[in-house]
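Please see the structure below; I have some questions.
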C-alpha cells in the first residue's frame, strides 16, 4: 500500500494512514474479480487520504484504541471512494486521479456495484467500531447531506442565476460534510465530550468548504497546460463554480453568448469565459471567500488544547489551504 | 398510498403496511424533484411489500412499540427498492413492475443517485430505530451478502457449467438474505431472544430462496403470452436459472447451439431452449427443489409459539410459495 508522499512530513499520522489502506484492502472480500480489482485500483491510485487523516488527527487528543480509530478512518475513506465512483458514472468521466475511471476501464455495471459494495463496507466498519448508536445516526445524517449536495448540484446545472449561497450549500454538502463527519468521528469516538466533537465537526466543515473552493479556484489558475480539461468539461456540463458564479453576479450579459451553447461550447469559448471570469474579479472574490473559511478553521484549531497533534492539525490545514496546485 | 390488494386477506399486517409506505414517503426529503419523483413512483408502483410484511409479522410474537417496527420494516423495503433501481441500471432494464424503469424514465444519473439516496434513508432508519449496535452490524452483514449474490450472478454469466449450488448461493444472497434480514429484525427488535431471532432468520432465508426459485420457474411455466420476455432477456444476458441449470446438468450438448449465440439469441432460439428445458426435466426438478425449501420453512413456522400471528405467517407463506403466477 503506497500513500501520498506528502505524509512523510506528518509522522503522527503517516503510519496509521498506511494501516487504513491495509484495512480497506482486507475488507474488500468479494470474489468478483472486476469489482475487487476496480476498487483496489481506485483505493491505491494515490488519493490524498485527507478525510481519514482528519479523523485520525482529531482522535489524538485523548488516548484511545488506535485500531478502532483506524477502522473508522477507513470507513470515511471508503464512503468517499464510493461517492467518487458513482459521481464518475453521473459525469461520464473517463479519468479520475490521472487514471482511467472505473466505469471507463471496467464498464458501468462494475462501477455501480463497486460503489454499492463500498457503501456496505463503510456501513459494516461504522457499525462494527462505533461506540454507540448516536454515532451511527450521525453518520446517516452526514451521508444524506453529502448526497443532497450532489443532487442540488445536478439540479442547478446550466443555471446562470445560481447564487453563491446555493453554491456554498452544495459544496458544504458534497465536500464539507465528509470532512465534518471525519473530524466528528475522530473526536467523538476517541472519548471527547459531545461539545468538543461538535467543535471538531465545525472545523472539519470549514476546512472542507475552503478545500473545495480552492480546488475550484485552482481549476482556473493552474498553468495553462493543466487548465482546460476540468473547467471546460464542467462548463459544458453546466456545473458552475465560485469564480464563474461570482463573475456572473458582477455582469452575466458578457457570458451568455458562450455559456448558452451549453454542451456545444468549444475550447475557445471556454478560454473566453476564463478571461471574462478574471476581468470580472471572479477569482479574486473566490480567493477572499476561501481565505475566510480557512481563517475561521485555523483560528478554531488554535483554540484547541495544546497537545502535540494540534500543531500537526495547524500545519496540515495551513499547507492544504494555501497550496498552489 | 395504495398497497397490493392481496393484503386485504391479512388484517394483522395490512394497516401497518400502509403506514410503512407513508413513513417511506415522509423520509424522502430531497429537494431534487426528479429523484424524489422517481423514488415515489417506484415505491408506489404496487410492489408486494413482502419483506416489510415478514418483518412486521415476526415482530408480533411479543408486544412492542409498533412505530419502531414500522420504521424498521420501512428500512428493509427501502433497501429492497434501492437494489431494484441499481439492478435495472446493470440490466439496462426498460420495464420494472409493469412500468418504465427509473433509468428509462429519468435517465441513468437519476437512477444512480435515487438508489444511493435510498441506501442513506435505509441507513438512517436502521440507525434511528434499532435497539443496539448488534442489530446494525447484522444489517451490514446482510447487505454485503445481498450484494455478493448479485456480483456472483454477474460473474457467472454465460457459464454453461454453473452448478445448482452456485445458483442457490446466488439466490440465497440476492433474495434470501433480505427475507432473512427482515425476519431477523422483526423478531430480534421486538424483544425476542437471539435464539428465536436466528430461527426467524433461517425461516426467512428459506422463504426467500423458495420464493426466488418459484419466480424463476414461473418465468418458464407461465402462459405463453407471459413467457418469453423475462426468460429470453435473461438467456441473452447469460443469466441462467434453476430450470435451465438443472436441464443443462442432464445433458448440455443439446443446448449449446442455441445458448452459444449469447446476446444474438432469437425468440425462436429461446423457444427451442424452453422445449429442451422441459424435455430434460428441468422444471420438474426445480419444482422439487422449491418444494423442499417451502416445506422446511413451513415446518419451522409450525413449531413457533401458538399466537395468532403464527397462522398468518403459515397462510401467507403457503399462499406465496404455491402461487401459479
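The values are calculated or read from the model by the stated rules, or taken from the named source; none is laboratory data. Since the structure is predicted, the reported quantities are computational estimates derived from the model, not experimental observations. Every residue, glycine among them, receives a Cβ derived from its backbone with ideal geometry; neighbour counts consider all protein chains shown.
Do any helices (runs of 4 or more DSSP H) lying entirely in the stretch A:159-274 carry at least 1 residues that are at pLDDT 95 or above and under 30 Å from residue A:77 (Cβ atoms), and which ones are they? I'd like the intermediate steps shown before the answer.
Working: elements: A:164-171, A:177-189, A:194-221, A:229-237, A:242-250, A:256-259.
Qualifying helices (runs of 4 or more DSSP H): A:164-171, A:177-189, A:194-221, A:242-250.
Consider residue B:3 carefully, then state whether it is closer than 29 Å to residue B:113 by Cβ, within 15 Å of the chain's Cα centre (by Cα), away from chain A (no Cβ under 13 Å) and modelled with pLDDT under 95.
Details: closer than 29 Å to residue B:113 by Cβ: yes; within 15 Å of the chain's Cα centre (by Cα): no; away from chain A (no Cβ under 13 Å): yes; modelled with pLDDT under 95: yes.
Taking the combined requirement at face value, the residue does not satisfy it.
Scan the stretch A:236-250 and give yes if some residue there is out of contact with any helix residue (DSSP H, G or I) (no Cβ under 8 Å at 6 or more places or on another chain) and surrounded by fewer than 18 Cβ atoms within 10 Å (Cβ to Cβ), otherwise no. Break it down into steps so the answer makes sense when it comes.
Residues of the stretch A:236-250 that are out of contact with any helix residue (DSSP H, G or I) (no Cβ under 8 Å at 6 or more places or on another chain), as a first pass: none.
No, the conditions are met nowhere in the stretch A:236-250.
Further, regarding this structure: Being more than 12 Å from chain B (Cβ to nearest Cβ) and surrounded by fewer than 24 Cβ atoms within 10 Å (Cβ to Cβ) is the filter here; which residues of the stretch A:102-122 pass it?
Step one: of the stretch A:102-122, the residues more than 12 Å from chain B (Cβ to nearest Cβ) are A:102, A:104-105.
Matches in the stretch A:102-122: A:104, A:105.
Here is a follow-up. Among the residues of the stretch A:127-134, is any buried (at least 24 other Cβ atoms within 10 Å of the Cβ) and within 21 Å of the chain's Cα centre (by Cα)?
First, pick out the residues of the stretch A:127-134 that are buried (at least 24 other Cβ atoms within 10 Å of the Cβ): A:127, A:130.
Cutting the leftovers down to within 21 Å of the chain's Cα centre (by Cα) gives us none.
No, there is no match, as no residue in the stretch A:127-134 is buried (at least 24 other Cβ atoms within 10 Å of the Cβ) and within 21 Å of the chain's Cα centre (by Cα).
Hey, another quick one. So residue A:191 clears everything in (1) more than 14 Å from every other protein chain (Cβ to nearest Cβ); (2) in contact (Cβ under 8 Å) with a residue 24 or more places away in the chain; (3) touching a helix residue (DSSP H, G or I) at 6+ places or on another chain (Cβ under 9 Å) except one condition, right? Which one?
Only one criterion is unmet by residue A:191, namely (3).
Consider residue B:261 against the criteria (1) surrounded by fewer than 18 Cβ atoms within 10 Å (Cβ to Cβ); (2) in contact (Cβ under 8 Å) with a residue 40 or more places away in the chain; (3) more than 27 Å from residue B:208 (Cβ to Cβ): it satisfies all of them except one. Which criterion is unmet?
Residue B:261 satisfies every listed condition except (2).
From the set of residues in the stretch A:100-114 that are outside any helix (DSSP H, G or I) and out of contact with any helix residue (DSSP H, G or I) (no Cβ under 7 Å at 6 or more places or on another chain), which is nearest to residue A:90 (Cα to Cα)? Steps first, please.
So in the stretch A:100-114, the residues outside any helix (DSSP H, G or I) come out as A:100-101, A:107.
Filter once more, so that each one left must be out of contact with any helix residue (DSSP H, G or I) (no Cβ under 7 Å at 6 or more places or on another chain): A:100, A:107.
Values: A:100: 15, A:107: 13 Å.
Per the criteria, the residue is A:107.
Would a scan of the stretch A:38-50 turn up a residue that is surrounded by 17 or more Cβ atoms within 10 Å (Cβ to Cβ), part of a loop (DSSP other than H, G, I, E, B) and either under 15 Å from the mean Cα position of the chain (by Cα) or in contact (Cβ under 8 Å) with a residue 40 or more places away in the chain (or both)?
For the stretch A:38-50, residues surrounded by 17 or more Cβ atoms within 10 Å (Cβ to Cβ), part of a loop (DSSP other than H, G, I, E, B) and either under 15 Å from the mean Cα position of the chain (by Cα) or in contact (Cβ under 8 Å) with a residue 40 or more places away in the chain (or both): present.
Another question, if that's okay. Check whether at least one residue in the stretch A:284-307 is free of Cβ contacts under 8 Å to residues at least 12 places away in the same chain and over 27 Å from residue A:245 (Cβ atoms), and report yes or no.
Yes, because at least one residue in the stretch A:284-307 is free of Cβ contacts under 8 Å to residues at least 12 places away in the same chain and over 27 Å from residue A:245 (Cβ atoms).
Let's see how each residue does on (1) over 22 Å from residue B:204 (Cα atoms); (2) within 14 Å of another protein chain (Cβ to nearest Cβ):
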site	(1), (2)
B:14	no, no
B:25	yes, no
B:30	yes, yes
B:34	yes, yes
B:38	yes, yes
B:54	no, no
B:86	yes, yes
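For residue A:206, all conditions in the list (1) under 20 Å from the mean Cα position of the chain (by Cα); (2) buried (at least 17 other Cβ atoms within 10 Å of the Cβ); (3) farther than 22 Å from residue A:52 by Cβ hold save one; what is the number of the exception?
Only one criterion is unmet by residue A:206, namely (3).
Still on this model: Taking the stated definitions as given, is residue B:57 crowded, with 16+ Cβ neighbours inside 10 Å and under 21 Å from residue B:312 (Cβ atoms)? Explain how you work it out, then say what you get.
On the way: crowded, with 16+ Cβ neighbours inside 10 Å: yes; under 21 Å from residue B:312 (Cβ atoms): yes.
Taking the combined requirement at face value, the residue satisfies it.
OK, next. Could you tell me which of the residues A:290, A:299 is surrounded by fewer than 16 Cβ atoms within 10 Å (Cβ to Cβ), in the same structural domain as residue A:201 (by TED's automatic domain parsing) and closer than 23 Å to residue A:176 by Cα? Show your work before the answer.
Details: A:290 fails: surrounded by fewer than 16 Cβ atoms within 10 Å (Cβ to Cβ).
The match here is A:299.
Can you name every residue in the stretch A:138-174 that is closer than 30 Å to residue B:141 by Cα, buried (at least 18 other Cβ atoms within 10 Å of the Cβ) and within 10 Å of chain B (Cβ to nearest Cβ)?
A:138, A:139, A:140, A:142, A:143, A:144, A:145, A:146, A:147, A:148, A:150, A:151
If a residue must be in a helix (DSSP H, G or I) and facing chain A (nearest Cβ under 8 Å), how many such residues does the stretch B:127-137 contain?
We begin by selecting, within the stretch B:127-137, every residue in a helix (DSSP H, G or I); these are B:127-129, B:133-137.
With the extra rule that they be facing chain A (nearest Cβ under 8 Å), the set shrinks to B:127-128, B:133, B:136-137.
Looking only at that region, the number is 5.
Based on what the data block shows, is residue A:78 within 14 Å of chain B (Cβ to nearest Cβ), free of Cβ contacts under 8 Å to residues at least 12 places away in the same chain, more than 16 Å from residue A:37 (Cβ to Cβ) and surrounded by 18 or more Cβ atoms within 10 Å (Cβ to Cβ)?
Details: within 14 Å of chain B (Cβ to nearest Cβ): yes; free of Cβ contacts under 8 Å to residues at least 12 places away in the same chain: no; more than 16 Å from residue A:37 (Cβ to Cβ): yes; surrounded by 18 or more Cβ atoms within 10 Å (Cβ to Cβ): yes.
No.
Please determine, by comparing only the residues of the stretch B:18-34 that are in contact (Cβ under 8 Å) with a residue 12 or more places away in the chain and outside any helix (DSSP H, G or I), which one is farthest from the chain's Cα centre (by Cα).
Narrowing the stretch B:18-34 to residues in contact (Cβ under 8 Å) with a residue 12 or more places away in the chain: B:18-25, B:27-28, B:30, B:32, B:34.
Those left that are additionally outside any helix (DSSP H, G or I): B:28, B:30, B:32.
Details: B:28: 22, B:30: 26, B:32: 28 Å.
Filtering first and then ranking leaves B:32.
Another question about this same structure. Residues of the stretch A:88-99 being part of a helix (DSSP H, G or I) and out of contact with any strand residue (DSSP E or B) (no Cβ under 9 Å at 6 or more places or on another chain), which ones? Before the answer, list the steps.
Filtering the stretch A:88-99 down to residues part of a helix (DSSP H, G or I) leaves A:88-90.
Result: A:89, A:90.
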